[in-house]
Amino acid sequence: MLDRHAPVFVAGHRGLVGSAIVRRLEAEGFTDLRTVGREVLDLRDQSAVDSWFDVERPRYVFLVAGTVGGIHANTSRPAEFLYDNLMIHGTVVQAAHRIGVEKLLYLGSSCIYPRLAEQPIMEEALLSGALEPTNEGYALAKIVGIKLCETYRRQYGDDFISAMPTNLYGPGDNFDLEGGHVLPALMRRFHEAREAGEATVGVWGTGNARREFLHVDDLADACLFLMDGYSAPGHVNVGTGVDLTIRELAETVRDLVHPGADLAFDASMPDGMPRKVLDVSKLAGLGWTAQTSLTEGIVSTYAWFVEAAERGDLRL
Ligand code: GDP
């Protein structure tokens, strides 16, 4: 179990995941959280990261920083997604090793798995087939992150672990219509259509792709659970184990935000992976399951979005 008074570095504390981890650690009574903004520390720069670790000397690290985005951002900026993430994962893992960090959690993504992996996807499916092309750069960097944790454990005995979350959503998400993920984009599009009195709302792709969605507060809880009790080389899937089609998702958001609106599918936009749902039996076997239902999570996240938009406080 982690010492609640030890210095903890949350790398990426302003993002969807990092901000949820900070909330979770604060609620748990952690007294010494260390964070740093990207304008102060470029996590891609090894010597800058080493200097920062030399001064702050965290005992634990949550490595949840990175360049992230939805299917369109991934396809239009593949080099950034590969380079930034590769570098950030490498510098932080190496710096943590160098100063003797006691435990590090690395956060991957379910896109590390092959495009045509057997569903629900088990941890063992990693590197068993070709990747989904729409997010290959990001997935490659994430696979390297897992392998960094595994190899540093094998060669140096570092207690570095990895968790693979499914598609995430929640407060603090990126509501940018081009760069973000499907759920925030749909909430915003239905919201704006209702405000403008428009009866039709666009949805990318065919609507047939299947995805699983996990509330980010559940993910943060799982991360702390694993940091407290899991210490082994294999990565661990984090999800709900339940998926739905993008059409069903859009209809759920529509019914909550703009009932009666028509959906217009734009099949010129990519579907990405045909289906992506995690087998979560490993984590369930360790004693953790997700608590937030999708409808509950969409309702609370939508309420957060409306308030943040009114405050002029959205990440767009
Ligand atoms: P992915 O799991 O990496 O594909 O993540 P996304 O959240 O970007 O996309 C999930 C699915 O939702 C894909 O099949 C998209 O085509 C579909 N989708 C429908 N409308 C949107 C939208 O407005 N934005 C995004 N990002 N995806 C959308």
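The values are calculated or read from the model by the stated rules, or taken from the named source; none is laboratory data. In this text, all values refer to a predicted model and were calculated from it rather than measured experimentally. Using ideal geometry, Cβ is built from the backbone for each residue, glycine included, and neighbour counts are taken over all protein chains shown. Side chains included, ligands, DNA and RNA excluded: accessible areas come from the protein's heavy atoms. Shrake-Rupley method; radii C 1.70, N 1.55, O 1.52, S 1.80 Å.
Geometric descriptor of the stretch 196-316, per residue, is 142 Å³ (volume of the convex hull of the Cα atoms).
Protein heavy-atom accessible surface, 1.4 Å probe, per residue over the chain: 42 Å². How big is D, in µm² s⁻¹, for the stretch 105-249 by Stokes-Einstein at 4 °C and 1.567 mPa s if Rh is the Kirkwood radius over C-alpha pairs? My calculation gives 77 µm²/s for D.
Largest first and in whole Å, give the semi-axes of the stretch 1-103's equivalent ellipsoid, each being the square root of 5 times a Cα gyration tensor eigenvalue. Provide the component values of the computation, followed by the final result.
Details: eigenvalues 118, 59, 21 Å².
In descending order, the three semi-axes are 24, 17, 10 Å.
Could you state the per residue volume, in Å³, of the convex hull enclosing the Cα atoms of the chain? Don't jump to the answer; show the numbers that get you there.
Numbers: hull volume 39.4 nm³, N = 316.
Roughly 125 Å³ of hull volume per residue.
A helix-only calculation puts the chain at -14000 deg cm²/dmol for mean residue ellipticity at 222 nm, using -39500 (n - 2.57) for each DSSP H run of at least four residues, averaged over all residues. Taking 0.36 nm per residue of separation and subtracting the current Cα-Cα distance, fully stretching the chain between T151 and L127 would add 7.1 nm.
In this simple spin-label approximation, D42 and F265 carry label points 7 Å from Cα along the Cα→Cβ vector, and these lie 4.4 nm apart.
How high is the relative contact order of the stretch 178-275, given as a whole-number percent (alpha carbon pairs under 8 Å, six or more residues apart)?
Details: 106 pairs, mean separation 48.6, N = 98.
Once divided by the residue count of the stretch 178-275, the mean separation gives 50 percent.
Taking every alpha-carbon pair under 8 Å whose residues sit at least 6 apart, the stretch 108-196 reaches a relative contact order of 25 percent.
Close amide H contacts of L131 (hydrogens built in the peptide plane, cut-off under 5 Å, sequence separation of 5 or more or a different chain): R115. Rolling a 1.4 Å probe over the protein heavy atoms of the stretch 1-48, with every protein chain left in place, gives an accessible area that is 49 percent carbon and sulfur. Peptides 140-152, 61-73, 229-241 ordered by packing proxy, namely the average of other Cβ atoms within 10 Å per residue, highest first: 61-73, 140-152, 229-241. Here the stretch 171-316 is treated with +1 on each Lys and Arg Cβ and -1 on each Asp and Glu Cβ, and its dipole about the Cα centre works out to around 360 debye.
Using the alpha-carbon atoms, what tilt in degrees (0 to 90, nearest 10) does helix 246-257 show relative to the longest principal axis of the chain? Helix 246-257 and the main axis of the chain meet at about 70 degrees.
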